[in-house]
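*Asks:* This is the structure I want to talk about, given as structure tokens.
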Amino acid sequence: MVDVGAKAATHRVAVATGRIQMLPSTLALVQAGTAKKGDVLGIARIAGIQGAKRTADLIPLCHPLALTRVAVEFEVLSEGSIPTIVCNATAETVGPTGVEMEALTAVQVALLTIYDMCKAADRGMTITDVKLLEKQGGKSGHWVAENKAI
């Protein structure tokens, strides 16, 4: 791991996003709350938070962090040709290293949970466009993706 012992502890925030595309009938199950495994978005939100908390267990050279906040939110895009659920995750800490990996892991785990909970209805779901949107704190300051749209 990289030595972060000499770095200043600062407030750090990262925001990541991603999406999962599915059949209209699958999105209808999610929205109606009638998926066989239960409340898809509620469970995916908790899974994303757990994923952020366990990032250092999954990514070998990630530092374990004391997260001060993790938020996972979903937006349903049902207009257009491909029904989509967009996931946005925000991770925060006060420490010597950033939380980009925690935000990205939260998004991936939340989207994988949606896939797992809906795969009986739709094995063709596609997870796409996972990326960092923004990070704040530390020596590099505030960074925002040039194209935040996905």
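*Asks:* Name the residue, out of V86, V94, that is loosely packed, with under 14 Cβ neighbours inside 10 Å and either within 24 Å of K53 (Cβ to Cβ) or within 16 Å of the chain's Cα centre (by Cα) (or both). It would help to see each step written out before you state the result.
*Replies:* Numbers: V86 fails: loosely packed, with under 14 Cβ neighbours inside 10 Å.
None of the other options fit; the residue is V94.
*Asks:* Within the range 122-141, work out how many residues are open to solvent by 50 Å² or more (accessible area, probe 1.4 Å), at pLDDT below 95 and either under 16 Å from the mean Cα position of the chain (by Cα) or not polar (S, T, N, Q) (or both).
*Replies:* 1
*Asks:* Just one of the numbered conditions (1) in contact with a His (Cβ under 9 Å, 6 or more places away or on another chain); (2) within 18 Å of K135 (Cα to Cα); (3) open to solvent by 10 Å² or more (accessible area, probe 1.4 Å) is not true of A56; which one?
*Replies:* (2)
*Asks:* Among the residues of the range 111-121, is any surrounded by 22 or more Cβ atoms within 10 Å (Cβ to Cβ) and not hydrophobic (A, V, I, L, M, F, W, C)?
*Replies:* yes
*Asks:* Among the residues of the range 30-52 satisfying the criterion of being within 12 Å of the chain's Cα centre (by Cα) and open to solvent by 70 Å² or more (accessible area, probe 1.4 Å), which is farthest from D122 (Cα to Cα)? It would help to see each step written out before you state the result.
*Replies:* Here is the first cut: in the range 30-52, the residues within 12 Å of the chain's Cα centre (by Cα) are 44-52.
If we keep only those that are open to solvent by 70 Å² or more (accessible area, probe 1.4 Å) as well, we get 45-46, 50.
On the way: R45: 20, I46: 22, Q50: 25 Å.
Checked the range 30-52; the qualifying residue farthest from D122 (Cα to Cα) is Q50.
*Asks:* So how many residues does the range 23-48 have that are over 16 Å from F74 (Cα atoms) and free of Cβ contacts under 8 Å to residues at least 24 places away in the same chain? So that I can check it myself, show each step before the final result.
*Replies:* Initially, the range 23-48 is screened for residues over 16 Å from F74 (Cα atoms), giving 23-25, 34-38.
Subset that is free of Cβ contacts under 8 Å to residues at least 24 places away in the same chain: 34.
So the count comes out to 1.
*Asks:* If you go through the range 1-27, how many residues are outside any strand (DSSP E or B) and either open to solvent by 20 Å² or more (accessible area, probe 1.4 Å) or within 21 Å of T68 (Cβ to Cβ) (or both)? Talk me through it step by step, then tell me what you get.
*Replies:* If we filter the range 1-27 for residues that are outside any strand (DSSP E or B), which is where we start, we get 1-9, 22-27.
Subset that is either open to solvent by 20 Å² or more (accessible area, probe 1.4 Å) or within 21 Å of T68 (Cβ to Cβ) (or both): 1-9, 23-25.
Of the residues in that region, 12 qualify.
*Asks:* Exactly one of these conditions fails for T105: (1) touching a residue at least 60 places away in the same chain (Cβ under 8 Å); (2) among the β-branched types (V, I, T); (3) crowded, with 16+ Cβ neighbours inside 10 Å; (4) not in a loop (DSSP other than H, G, I, E, B). Give me its number.
*Replies:* With respect to (1) touching a residue at least 60 places away in the same chain (Cβ under 8 Å); (2) among the β-branched types (V, I, T); (3) crowded, with 16+ Cβ neighbours inside 10 Å; (4) not in a loop (DSSP other than H, G, I, E, B), T105 is out only on (1).
*Asks:* Additional query: Only residues in the range 49-74 that are under 22 Å from T113 (Cα atoms) count as the first member; pair them with residues that are basic (K, R) and buried (at least 16 other Cβ atoms within 10 Å of the Cβ), Cβ under 6 angstrom, at least 6 apart or cross-chain, and list the lot.
*Replies:* Listed pairs, sorted by first residue: V72/R45.
The values are calculated or read from the model by the stated rules, or taken from the named source; none is laboratory data. All values derive from a computational prediction rather than experimental measurement. Backbone-built Cβ (ideal geometry, glycine too); neighbour counts: all protein chains shown. Ligands, DNA and RNA are stripped out before the accessible areas are found, and what is left, the full protein with its side chains, is counted by its heavy atoms. Shrake-Rupley method; radii C 1.70, N 1.55, O 1.52, S 1.80 Å.
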